[in-house]
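Right, one structure below, let's go through it.
Readers should treat all values here as calculations from the given coordinates under stated rules, not as data from a laboratory. Predicted model only: the values in this text are computed from it and were never measured. Counting neighbours? That spans all protein chains shown, and the Cβs are built from the backbone with ideal geometry, glycine included.
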Amino acid sequence: MSIKTIFIISLVVCSFVFISCGAETILLRPSLDTPSHHIDNGYKLMAYGKLDAAIQEFARAKELNATYAPAYVGLGIAYGMQSNLEKGRLLMKQAQKLARDNEERKEVEMGFERLDYIEKENKN
C-alpha cells in the first residue's frame, strides 16, 4: 500500500471516531406529541394520583388541538379530583359543546358521572 492510501484510510477512520464521540443526536418522535397520546398519558398519571402531571398532559393535548373534546374531559376530571368541581364542570360543558361523534359524547357523559361521584364522595 502506498503512503497516500494509508493516509486516506487513517483520515477516514479518525473522522468516524471523531464523529462518534460527538454529542448524541436527539431523534424527534412526532407520533408521541399527539393529542391522543397526551390523553393516554394523562389518564395513566391520574391513576397513580399524579394530578398535576396529568393536568399538564391534558393541557398539552388541548394546546395541540383546541377543539379536541377528550382533552377537556380529562382536564375536567383531574380538576374534579383536586376538589375543584366548579372548574371541572365548566371544562366538561366545553367538552360537551366540542364533542364530534357518539364516542366523544359518551366520554363526556361518563366525565359528568365521574364528577357527580367525586362530589358525592367528598360529601361523605
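Structure data summary
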| read-out | value |
| --- | --- |
| Residue-span extension gain [Lys97 to His37] - 0.36 nm each, minus C-alpha spacing | 19.4 nm |
| Ascending count of other beta-carbon atoms within 10 Å, so fewest first, for Val73, Val108 | Val108, Val73 |
| Residue order, fewest to most surrounding Cβ atoms within 10 angstrom, among Asp101, Asp40, Asp33 | Asp101, Asp33, Asp40 |
| Reachable lysines from Lys120, criterion Cα separation under 18 angstrom, eight or more residues apart if same chain | Lys87 |
| ³J(HN,Hα), Karplus 6.51/-1.76/1.60, whole Hz, each residue of the range 49-54, x for Gly, Pro | x, 8, 5, 5, 5, 4 |
| Least to most buried among Tyr48, Tyr43, Tyr68 (fewest other Cβ within 10 Å first) | Tyr48, Tyr43, Tyr68 |
| Where labels lie 7 Å past Cα in the beta-carbon direction, separation of Glu121 and Glu63 in nm | 2.8 |
| Straight-distance crosslink candidates among aspartates and glutamates, where the alpha carbon sits under 20 Å from Lys62 and sequence neighbours closer than 8 are dropped | Asp33, Asp40, Asp52, Glu86, Asp101, Glu103, Glu104, Glu107, Glu109 |
